[in-house]
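I have placed the structure first, in the form of structure tokens, so that the comments after it can refer back to it.
Quick note: the coordinates plus some simple rules give every number you see, no bench work behind them. What you see is a predicted model; the values in this text were computed from it and never measured. Here Cβ is always computed from backbone atoms with ideal geometry, including for glycine, and neighbour counts include all displayed protein chains.
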Amino acid sequence: MAWIAFAAPVLAAVLIVAVLGLPAALALRLRGFAIALVAVPAAFAVLAVSSIAAPIVGLQWSFLPAIALALVLAAVLVPLRRWLGAPALPAARRRGQQDLWLGLGAAAIGGAVIAVSLVVGLRTPDAVSQTFDANFHLNTVRYILDSGSASPFTMDLTTPGAPVFYPTLWHSFVALIVQLSGAAIPAATNAALLTVSAVFWPIGAVALGRTVAGPSVRVTVISGALSSAFPNFPLFLAGYGVIYPNILALALLPFLLVGLLHVLNLGPARRALPLPAGTRWLLLIGALGASVLAHPNAIHTVLAWALIPVIWAAVRALRGRAVPNARGLLALPRTPLWLRRTGAVLGVSGFFALMGAAWLLGRSTDNSWQGFYGPRSAAIQLIGGTPHLEGHAWIVAAIVLVGAALAWRHRSMRWLLGAAGLLAFLYWVSDGFPTSDWRTAIVGPWYNDPRRLASLVPLGALPLAVLGASALWTALRPGLRRVARSLSARPRRASQMHTAFAVVLLVAAGQAGTLSAMQAVRSSYDPNLAVLLDSDERKLLERISDEVPSGEVLANNPLNGSSLSYALADRAVLFPHGSGAYDPRAYTLVDSLVPAPGDACTASQELGVNYVLDFGTQYVFENAAKRGVPFKRMKNLDRSPILTEIDREGDAVLYQITGC
């Protein structure tokens with residue numbers, strides 16, 4: 001029954017994106033799979049901009065400002081269509097509906113595999129990730145619902161009274177799911193995770209595969225099947241962290257890369273997914289804004305991926321080479337050569353300036369993430385297709401290598417090797433070398449974290465895998481057809497069976513290396529291995545709203561699951577996250593409950609805090625280090641003369657301050 005009820009927030013998540021994204025796509029008169037290609041990033045761009053605009057115009061965060069902006073955007077685009085240009089292939093309009101459903105159906109193949117893996121890993125639809133950042137992400141959704149503002153410029157959950165910029169696109173999305181479906185925050189969060197990973201990512205993967213390898217049915221189906229073939233993303237990242245904004249940013253990146261390839265006119269991009277001339281730029285800018293406002297290091301990822309393609313396109317322009325036209329044939333563009341060369345010089349100069357600024361301003365000073373392997377072992381991890389994970393996916397790795405060989409053989413596609421190679425290089429640096437200044441200079445924008453960088457590798461490997469799998473499908477087709485015909489004499493049935501065999505083989509091959517990623521998700525959400533919130537603590541939180549009056553604030557230790565009182569029970573806590581800058585009196589209160597009750601009384605009266613949650617000293621970090629110092633004396637609370645126990649579930653206790 002719980003999973004049946006879970007359909008409501010999942011449906012709400014899909015409808016939010018469809019309702020917010022389709023007006024722009026339809027206003028541009030797009031046809032076929034181009035509708036989905038534009039609608040998804042457009043929806044998240046609308047969410048991002050409306051979350052910023054809503055408090056400025058005095059509106060509470062809800063679906064109203066988002067849908068209003070979506071309609072305004074569509075109204076602006078309608079009269080601009082004549083300047084944005086017409087689709088390059090009018091025939092695509094006639095095949096539009098078939099092309100759309102083919103693309104969505106292909107995405108559903110990989111999406112179904114990802115969805116099943118996530119459902120098995122979650123176990124229950126309202127599971128809470130047992131990781132450090134779960135406190136922050138779930139509490140941020142509650143903060144948005146309570147404050148009515150989803151703007152990244154008003155976020156002060158961890159710095160009360162001093163807002164700092166924090167990208168809130170993920171949280172504003174989850175807040176809308178809560179409002180529209182009535183689901184609790186954990187279930188709404190998991191619904192967003194499922195749709196982003198199993199719906200929007202596969203759609204982007206299909207678009208990227210077609211952009212690189214062409215618009216054929218074979219390529220479309222292969223791209224969808226391969227969207228689930230890389231365990232590092234989205235499956236592993238869904239369990240690690242848990243870093244929901246990073247997942248959303250990476251899921252949106254294929255749409256951004258497609259827009260980039262359209263603008264650069266590389267490969268069969270414009271033939272595979274015909275877009276109006278101006279829409280190419282709209283897709284590029286909109287997807288860039290949405291992904292960066294989901295997580296800022298998306299800008300570093302796309303710059304790294306795009307370095308070689310941008311140089312490749314610039315060199316082509318400087319040499320006056322032909323470019324693919326709307327039908328995929330090489331032809332000299334109408335743009336004068338001097339203008340092409342000027343644009344190439346200015347474009348490359350601007351790109352390198354942006355890259356330099358991004359790396360300079362986006363460098364992390366946190367150099368704590370060490371490489372887990374040496375250079376040789378990290379390289380083997382890459383070759384085996386499962387960077388940083390146990391086991392190897394040799395079949396997928398072989399498919400990628402076939403695609404790499406094909407890209408090298410076709411000179412016009414060699415830029416793909418550069419895009420994939422640079423992302424692989426970033427991972428190799430992070431996981432192959434110990435901490436150092438030069439390592440931080442290269443991979444600092446990703447916090448020097450090998451796991452985050454390993455999740456980027458599929459963005460480079462996927463296009464190569466599509467090329468390789470397409471070639472292998474063609475080579476194996478006679479044998480598969482022979483098997484299909486032996487099972488059915490009907491030509492159409494045999495053709496369907498041949499396609500089904502190929503898809504099943506491809507999906508099965510893609511799951512060869514997912515075991516360790518599945519284990520990461522299962523352990524992250526396993527209540528029996530709870531390091532953040534165990535079953536007793538959750539049961540207590542579920543009763544707190546009946547025992548603690550609304551408006552009260554509870555003293556707590558943010559290194560355990562007590563912070564989730566805010567997200568799960570709608571009762572605020574002094575420390576909603578383990579990292580932050582909070583009122584010094586709050587630290588005094590929790591530090592003095594046992595050794596200096598008089599000081600604790602003074603602090604509680606000044607802060608208006610009358611309740612204390614004690615979830616023990618099992619912290620989400622094995623070694624709390626500096627974060628644990630302010631809370632090291634918040635233990636043995638049953639010895640405090642000012643506390644009275646009013647509820648208990650196992651070792652989880654709710655106290656009231658009664659002795660002051």
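The relative contact order of the chain, computed from alpha carbon pairs under 8 Å that lie at least 6 residues apart in sequence, is 15 percent. One decimal place: the segment I383-A277 gains 34.3 nm when fully extended, by the rule 0.36 nm per residue minus the C-alpha distance.
The value obtained for the stretch 135-249, namely the Cα convex hull volume divided by the number of residues, is 118 Å³ per residue. One equal scatterer on each Cα of the chain, no solvent, Debye formula: the resulting log10 I(q)/I(0) at q = 0.10 Å⁻¹ is -0.94. The stretch 262-341 and the stretch 535-554 have their alpha-carbon centroids 54 Å apart.
With respect to the chain, whose longest principal axis is taken over its alpha-carbon atoms, helix 185-195 is tilted by about 10°. Under 5 Å between amide hydrogens, which residues at least 5 positions from Y525 or on another chain qualify, with H placed 1.01 Å from N in the peptide plane? Excluding prolines and chain starts, which carry no amide H, the hits are Q130.
Here the Kirkwood formula puts the hydrodynamic radius of the stretch 242-358 at 15.0 Å, using every distinct Cα pair. Dividing the mean sequence gap of close Cα pairs (under 8 Å, 6+ apart) by how many residues the stretch 163-240 holds gives a relative contact order of 21 percent.
Rounded to whole numbers, the Karplus 3J(HN,Hα) couplings from phi for the stretch 648-660 are 8, 9, x, 8, 7, 10, 10, 10, 10, 7, 10, x, 9 Hz, using 6.51 cos²θ - 1.76 cosθ + 1.60 with θ = phi - 60°, and x at Gly and Pro.
Close amide H partners of V323, meaning residues 5 or more places away or on another chain with modelled amide H under 5 Å apart, are A331, L332. Bridges between two residues of the chain, per DSSP, are antiparallel at a rate of about 75%. For the stretch 217-267, the calculated P(r) over all alpha carbon pairs, in 10 Å bins from 0 to the bin holding the longest distance, is 21, 40, 31, 7 percent.
Once you order the gyration tensor axes a ≥ b ≥ c over the Cα atoms, which shape class does the stretch 530-657 get: rounded for a/c under 1.5, otherwise prolate or oblate by comparing a/b with b/c? Rounded, because the longest to shortest axis ratio a/c is under 1.5. The label-point distance for W408 and N636, in a model that sets each label 7 Å from Cα toward Cβ, rounds to 6.7 nm.
Relative to the longest principal axis of the Cα atoms of the chain, the long axis of helix 96-122 lies at roughly 40 degrees. Taking every alpha-carbon pair under 8 Å whose residues sit at least 6 apart, the stretch 260-372 reaches a relative contact order of 27 percent.
Placing +1 on the Cβ of every Lys and Arg and -1 on the Cβ of every Asp and Glu, with no other charges, gives the chain a dipole of roughly 5140 debye about its Cα centre. Amide H to amide H, with H built 1.01 Å from N, T514 comes under 5 Å of no residue 5 or more places away or on another chain.
Relative to the longest principal axis of the Cα atoms of the chain, the long axis of helix 134-147 makes an angle of roughly 80 degrees. One Cα centroid belongs to the stretch 162-236, the other to the stretch 1-72; the line between them spans 14 Å. Using the Karplus relation 6.51 cos²θ - 1.76 cosθ + 1.60 with θ = phi - 60°, the per-residue 3J(HN,Hα) values for the stretch 446-455 come to 9, 6, 6, 8, x, 5, 5, 6, 5, 6 Hz, with x marking Gly and Pro. The loop-placed chymotrypsin sites (Phe, Trp or Tyr not before Pro) in the stretch 394-448, going by DSSP, include none that has at most 11 neighbouring Cβ atoms within 10 Å of its Cβ.
Rounded to the nearest 5, the antiparallel percentage of DSSP beta bridges internal to the stretch 536-660 is 70%. The phi torsions of the stretch 226-231, fed into the Karplus equation with coefficients 6.51, -1.76 and 1.60 and a -60° offset, translate into couplings of 6, 4, 9, 8, 10, x Hz, rounded to whole numbers, with Gly and Pro shown as x. Here the convex hull built on the C-alpha positions of the stretch 1-135 has a volume of 154 cubic angstrom per residue. Sorting 270-277, 215-222 by their mean Cβ neighbour count within 10 Å, with the most densely packed peptide first, gives 270-277, 215-222. Scan the stretch 130-206 for chymotrypsin sites (Phe, Trp or Tyr not before Pro) in coil per DSSP, keeping those whose Cβ has at most 16 other Cβ atoms within 10 Å, and list them by number. Of the chymotrypsin sites (Phe, Trp or Tyr not before Pro), the ones in loops of the stretch 130-206 whose Cβ has at most 16 other Cβ atoms within 10 Å are F153, F165.
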